[in-house]
Every structure is written in structure tokens, then in C-alpha cells.
Amino acid sequence: LSNSIKQVKVPSVYFLNQEEDSEEEPKLKYERLSNGVTEILQKDAASCMTVHDKFLALGTHFGKVFLLDIQGNVTQKFEISSVKINQISLDESGEHVGICSEDGKVQVFGLYTREGFHDNFDCPIKVVALHPQFTRSNYKQFVTGGNKLLLYEKNWLNRWKMSVLHEGEGSITNIKWRANLIAWANNVGVKIYDFSTKQRITNVLRDNVTLRPDMYPCSLCWKDNTTLIVGWGTSIKICVVKERNPTEMRDLPSRYVEIVSAFDTEFFISGLAPLADQLVTLFFVKENSEHMDEEFRARPRLDIIQPLPEGCEEISSDALTVRNFQDNECRDYRLEHSEGESLFYIISPKDIVVAKERDQDDHIDWLLEKKKYEEALMAAEISFKNIKRHDVQKIGMSYINHLVEKGDYDSAARKCQKVLGKNMELWENEVYRFKTIGQLKAISQYLPRGDLRLRPAIYEMILHEFLRTDYEGFATLIREWPGELYNNMAIVQAVTDHLKKDPTNSTLLTTLAELYTYDQRYDRALEIYLRLRHKDVYQLIHKHNLFSSIEDKIVLLMDFDKEKAVDMLLDNEDKISTDRVVEELADRPELLHVYLHKLFKRDHHKGQRYHERQIGLYAEYDRPNLLPFLRDSTHCPLEKALEICQQRNFVEETVFLLSRMGNCRRALQMIMEELEDVDKAIEFAKEQDDAELWEDLISYSIDKPPFITGLLNNIGTHVDPILLIHRIKEGMEIPNLRDSLVKILQDYNLQILLREGCKKILVADSLSLLQKMHRTQMRGVRVDEENICESCHATILPSDMTRPFNVVVFHCRHMFHKECLPSPATIHGVQFCNICSAKRRGPGSGILEMKK
């Protein structure tokens, strides 16, 4: 045997498969056809068999035909001859059978009537084939094959008419009839006859003519109504019958055959059958002896191959251990198949083996055999509709046991969630098993915690185990497990006992605080959190509204985290007042400043009563924010602030306070004398925009060249630089004087350009507005009966339009009867609307007069 194949024995199924440790799963499973078949083959030998979806028909070497059910039980027996039955043929309905034997007998009859055709020929008849629709009255036809291919048809007189379809090419060894196509094989090759056109349409020649056709017969199989598979020797050809183009017919048949795939195999072909787009092939195998230079007959092989245009691909290969395989020749094997169920029957003289595609159960069994439990479990869950729940659990438990045996306790525990599901009894059993092997920690994180729960004692047992060996793990479980899973008081007592041995253990103290929280003893939890300075103290206060409990603990909270504490106090002023916080922090001014500073940033007016106090706090602890505080506060006493700033020599703050109190000259003096910062002095003078300040600044700077440079560079837009230049002493060296003068000239030129630009814009706008006003005043003004006199308030137009009248209409749209118009307000002959001129001179200037 080849090294890639090894014998495997399974109850009632014997075959050789790939190596046991192979990761490739078999495609087929095998079972020996037994029951009545076993008894038949003990006394006789199988020569042929035909498969129908409902039953099997078995022919023997002693001339008998047995009808069998699919389990191999005999349902009918026919004594046909005393010699070998060569072929049995059934129509599609399974109601008629054709039988031929080695002594020339041919019988075609109904299984329920026995009426039909019975004849003896003077030569062996190798094959017979019924028309697929033989049951129907107009299809009473069949063919036989010996030295000739003979067609028998029943005519209208109910007599059988015989005609020769083909002869002269040796014995006919195989016939397959499908729809209107008859395929047969003789010594020369394979032919196809089109029964509908009465034409022979192809001749596929035999490749290896050195093989005896009686020892290595041709295998034929129709895949569908137009695809014929031919296997002969070691050659396979797939032929497709196609319709010929009508323009190409001439004297040719209307159909032709195209060989779409052809390839050679390693072994001799004994049978073929289709499996979807693949082929199931039965091979007769001869192998060389390891000790003698001779061949011996090996086990037949059943391969699944994938045909390709120029070759094939082997999908699977199984070597079958059939009975007496050492004595069999290639012609002794046959392969029949049931199209409805993908069943394949391997027939040999002393054995019949049934091969079928492996189903999901077989797939799962193989995975379990290979210890691929994860894949088996997934496959079982996918097929859950067809597999009982306890079977899935059984697979899962096997997987868990395997993982435990390997020592992979975490994976085993993780699989418990999927496998054990809602079975609380199994859960508890697994917990106790993990306790026995010392692996409670592994299963702890996977225990049920939702609506389905184990007994509290189970959870408590695990908590006690962690408390004994792993404080961190214990704390993690307390955080993750709902408090309802276990007896909280019992665990609190256990933790308290451990703290007696280790009273400063922060992990145990934190866990005890969490347990107190579960038990709603928040005051005790708060004490522990504050003692530990635990970050969750603020969350605890917020979540359980513990503000009344922290009024005397404000200093502790701020010592822990000033920012969080202040934010919490300010966010909950309705629960802890500002006055209460200030009172608690009175002895800790640095903390008080933090609180009041944040309060001021949120609202400049809320803590106004403490603004005077804040001046000293800012001066002591936070000078950078003192000046912004002085700027923003409107409640700060300026004299007190000035006193504190002068005491501490805070110049910038003092300057601001002096300027705010109106003493700008003193403020400017401090900037120049103490800060000696000309830029700040100039900025200060610009802010105040006071001519006297500019004079003081110039006077102070006139003997200080650096100050003069600063003034020359910056005062050009506020003070005439000539005033400064005239006061500079002759011969004084001034740094960067040239650059300063250039800048003054540039600034002057820029001012001139700006003025000219503004003038142009002003003139253009004035002209545009004048034109617009002119166009407006040139428009007519509608006067009708709806208008009234602004003086007498009567209708502006008289009722009798035939009489003369005078109306005065101003451009402002006010209208008067001329006689009602008051004494005219005129300037150089221009009359103005009295109403508008009382407000301003403008649109009402000018007049329109209507006369009639």
C-alpha cells in the first residue's frame, strides 16, 4: 500500500482512509449492505445491480434477480437463468424491468404483471436498456447489446418489432439510455444515437487499444440529459451533446458532441457517478509487491475528483476493504448511484458497500475524534435545530473536560458560559469541580450574575477563597458582582476580621467602603474614603447626597483635592452655603483663597461681602491674579486696596488704583520713577487721553534720551512731535534719533494720505447724496382726496374741483391749503415746512405750489 493510506476499521464499515492524524476530513462515509444481501452473497455472487429511488435490483452469477429495499432486505426473487445475469435495467417509474443473461436470455416485464418480452438468443447478451418512459404506451422500446445493438419496439398490433441500430465492431459491453439519447460502448469506442432524429451523432474512440475490453470494460454515466461521462481504462472524457447551427448542417446530424474535459487517472476505472460538479470514481488498483517483482490486486479506491478543462483535482480518496478483493478483476466491480439521495453503491462479487455524503452529525463526530472541540461546538450550535440541546451540552462538556485535562483552566471556565447556559445544576457541579482542583479563581469571572443566579453560598465560597489568597482579586469581584449575589453582612464581617490583622491595608479598607455602600451605610463608607483620600469620595457624596455629612469635613476634602472639592461646593451652594464654607476655612486662609477665587471667577457679585478680605488673600497667596481682581471687582474698597498694595510695594497694582481714584499724575510719576518704563508711561497717557499728562510725561523725559526715543516713536498720533523736538536741548545724544525722525515723517505722510483719502470719500459721498436728493425732489407728489391739510386737517382737495384753489406741498410730503399756511418761514426767499423746521432743516426745505 502507498505510504499516504492507512487501514481504518469502523463497526460494519471497512475502508482505508488517509492517515489518522490527517487534518483533512473525509467526504464520504461507508456502510456495508447487509440483512438479506449477506445471506445471498454467502451462497452466490453479485454480478450486477441497478438502483432505483425506491428499491434495488441485484443480479447474481447463478441467474437469480432479487428486489431489495434500501436496507438490503429481500422483497422479491426471480429465477431467470442458471448462469450469470449480465445486466438489469429499470425504467424511471420502477414498474418495468429488463434482464439479460450470459445464456442469451432477455426478459422485459412488469413487476406487477409479468407480461412483456421473453426471448432467447444464440449468443450471450451483455446489456439491456429500457426506454426511460417505458411505462407509457407509446414508449414501449428497449435495446439489447450482444454482437449487435438491437432496438425492440411494440407496434400497434401489440407485436415486437426488431431493428438493428449498429453492428460490426465487436461485442457491445455497456448501454445507457437518457431521454432521447442512447450511448453504447463496443470494442472500437463509444457511440451516441439520437432516437428523435434516428441518427448516430458521434464516435468517441477508445484510447488504450492494448487493454482487453472484456477485462477492462467501458463505464458510461449520464450526468444530465446532454452530458455523458466516459471512463475506459485510465482515461476519462466528459462529452456534451450540443445543437448544431442550422447553417452548418448540410448532410450532418442536427446534433454534435464536444469533449469539454479529458484526463488520465493513475488506476483503472471500474465505475463513474456524478456528484454535483464533481465525479465519484471507482478504481481497480494493482500494486507492486515489496518483496517480489510482481503485481497484486489491492483494495479498490473510491475517489472524488474535480474535472478541469485540461486535467483534474483529487478532492478525496478512500481505499475500500471489500470482501475477497484479492480475487477480483476490474470487470468484477461496478458503481451504481441513486440520484435522489447521493447514495453510491460499490458492487463486488461478495460484497456491496454503500457510500453516502457525510452529514453534519458526521462532521461533528469527526471534529470530536480529532479533539477539535471548539469547532465541534460551533457546528453543533449552527445545527441546533436538528440537534438536541443536551447533545450540544454533551459536546461542550467533552470540550471542557479536555481543556481541564490540558490544564487550560481559564479557557475551560470561559467555555462554561456557552456550554452550561441556564442549567444551574451543571453550573454548581462545575464550581465544585474547580474548587476540588484548586481553580476557583479561574471560574469566578464567568459565573452567572444576571436574572439567573446560583445559590448565595456559591458566591460566598469564592469570595472567601479570594479573601484568603488574593486581596486584589477579592476587591475586583466586589466591584464587579452585584451586592445581591451574596450575604453582604457575612462578607463585611469577614473583611473586618482580616483588617484586625492588617488594619492599614488600603485594598481591604477600600473594599469595606464599597461593601458599606452596598449596605447603604454611607457615613461609614465616607469616613473610610476620606481616611484613604480615595478618588471616589466625591462620586459617593454626589450619588447619595451626603452634603450634610461633609459640612465639618470641608478642610479634609480640600486637602485631598482642592479643585474637585471647590467645584463640588460651588455646584451645590444650595446645600452648603458660602458663609458655611468660609467659616470652616477661616483657619486655612490658603484654602479659603482658592474657594473665594473660584467663586469670584464664576460670579463677580456673589461673594462681594468678602472682596475686602480677598485683597489680602490675593496679595499673600496669588499676586498674579490681584490686578485682574481689582479691575473686575466693583465692590472692592479702593482705599483699603491701595493701603495693602503700598505696604507691599506692588507698583502696578498701586498705579491702577491711583488712576482709578483719579490721581493720574501720581500714577504716571510712579510708572516713570519706579518702573522706569516709557512704553507703559506712554500707554497710560494714551488711555487717559489728558493733555496735562502728556505735558508731564514730556517734561519728565526731556533730559532722558531713552525716554525721548520712546516718545518720538509713539506720540506722533496724539501730540504734535514739533512740541517735543523744540524742547530737546541742542547737542543731546538721542539713541536711534534718525530712525525716530524717519518714523515721525512716515507717520505724518500717512496722516496726510489718510486725510486726502477721507476728503475724497467725503466729496464723493456728498455728491452722490446731493444727486440722490435732487432726483428725489424732482419726482412728482401724488395729491388726492385722501390727503389732508396739516393745519386745518380738512381734505386737501376741495369738493368742487371747478373752483380755483391753491395747495402748498413740501418735499417732506406735508401739505397745506395756502390760506392755512402760517406766516412763511423763509431764508433768502426759500420757504420751509413749519412742522419739519421745528425739528431740523432738511428734507422739508423747498416747496411745491399747486394752483388752479
>> With unit charges on the beta carbons (Lys and Arg positive, Asp and Glu negative) and the dipole taken about the Cα centre of the chain, which residue among Gln493, Val566, Ala273 sits farthest to the positive side?
In response: Ala273
> Cα to Cα, under 17 Å, and not fewer than 8 places away if on the same chain: which lysines meet these conditions relative to Lys562?
Replying inline: Lys535, Lys553, Lys598, Lys601
> Hey, any idea what % of the chain's accessible area is carbon plus sulfur with a 1.4 Å probe?
Replying inline: 48
> Between Glu115 and Asp677, how many nm apart are label points set 7 Å from Cα along the C-beta direction?
Replying inline: 13.0
>> For Asp351, what residues show an amide H to amide H distance below 5 Å, using hydrogens built from the backbone and excluding near sequence neighbours?
In response: Ala46
> R0 = 30 Å: FRET efficiency of Glu460 with Ile437, Cβ-based, nearest 0.05?
Replying inline: 0.90
> Given R₀ = 60 Å, FRET efficiency for Lys370-Lys562 by Cβ-Cβ distance, to 0.05?
Replying inline: 0.40
>> Name the residue from Leu335, Val678, Cys833 whose Cα lies farthest towards the positive end of the charge dipole of the chain, charges +1 on Cβ of Lys and Arg and -1 on Cβ of Asp and Glu.
In response: Cys833
> Can you work out ³J(HN,Hα) from phi for every residue in the range 350-360, in order, using Karplus 6.51 cos²θ - 1.76 cosθ + 1.60 and θ = phi - 60°, giving whole Hz and x for Gly and Pro?
Replying inline: 10, 7, 10, 10, 9, 10, 9, 5, 6, 9, 5
> Which value, in nm² and rounded to one decimal, describes the direction-averaged projected area of the C-alpha convex hull of the chain?
Replying inline: 92.0
>> Based on alpha-carbon centroids, what's the gap between the range 80-135 and the range 752-798 in Å, whole number please?
In response: 124
> If the limit is 27 Å between Cα atoms, which of Lys43/Lys126; Lys27/Lys84; Lys237/Lys370 go over it?
Replying inline: Lys27/Lys84; Lys237/Lys370
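With +1 on the Cβ of every Lys and Arg and -1 on the Cβ of every Asp and Glu, and nothing else charged, how large is the dipole of the chain about its Cα centre, in debye rounded to the nearest 20?
Roughly 3000 debye, rounded to the nearest 20.
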> Which ³J(HN,Hα) values in Hz, rounded to whole numbers, follow from the phi angles of the range 636-642 under the Karplus curve 6.51 cos²θ - 1.76 cosθ + 1.60, where θ = phi - 60° and Gly and Pro get x?
Replying inline: 7, x, 5, 5, 5, 5, 5
> Between Thr210 and Arg613, how many nm apart are label points set 7 Å from Cα along the C-beta direction?
Replying inline: 11.9
>> Between Lys406 and Glu480, what is 0.36 nm times their sequence separation minus the Cα-Cα distance? Round to one decimal in nm.
In response: 23.8 nm
> Given the rule -39500 (n - 2.57) for each run of at least 4 DSSP H residues, summed and divided by the residues of the chain, what is its mean residue ellipticity at 222 nm, to the nearest 500 deg cm²/dmol?
Replying inline: -11000 deg cm²/dmol
> Once label points are set 7 Å from the Cα along Cα→Cβ at both Phe296 and Arg666, what is their separation, rounded to one decimal in nm?
Replying inline: 12.9
> On full extension of the chain, what length is gained from Gln688 through Leu157, given 0.36 nm per residue of separation minus the C-alpha to C-alpha distance?
Replying inline: 177.4 nm
> If you stretched the chain out fully between Lys77 and Arg250, how much longer would it get, using 0.36 nm times the residue separation minus the C-alpha to C-alpha distance?
Replying inline: 57.1 nm
> Using 1/(1 + (r/R0)^6) with R0 = 41 angstrom and r between the beta carbons of Asp224 and Glu287, what's the FRET efficiency to the nearest 0.05?
Replying inline: 0.70
> By the scheme Lys and Arg +1, Asp and Glu -1, what is the net charge of all other residues having a beta-carbon under 15 Å from that of Met558?
Replying inline: -3
>> Please compute the Kirkwood hydrodynamic radius over the range 758-825, one decimal place, Å, based on all pairs of different Cα atoms.
In response: 14.4
> How much area per residue is accessible in the chain when the probe is 1.4 Å and only protein heavy atoms are counted (Å²)?
Replying inline: 53
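Tally Lys/Arg at +1 and Asp/Glu at -1 over every other residue whose Cβ is under 13 Å from the Cβ of Ala764; what's the total?
+1
The values are calculated or read from the model by the stated rules, or taken from the named source; none is laboratory data. Bear in mind the structure is a predicted one, so any value in this text is a computation, not a measurement. All Cβ positions, glycine included, derive from the backbone under ideal geometry; neighbour counts span all protein chains shown. With ligands, DNA and RNA removed, areas are computed over all heavy atoms of the protein, side chains included. Shrake-Rupley method; radii C 1.70, N 1.55, O 1.52, S 1.80 Å.
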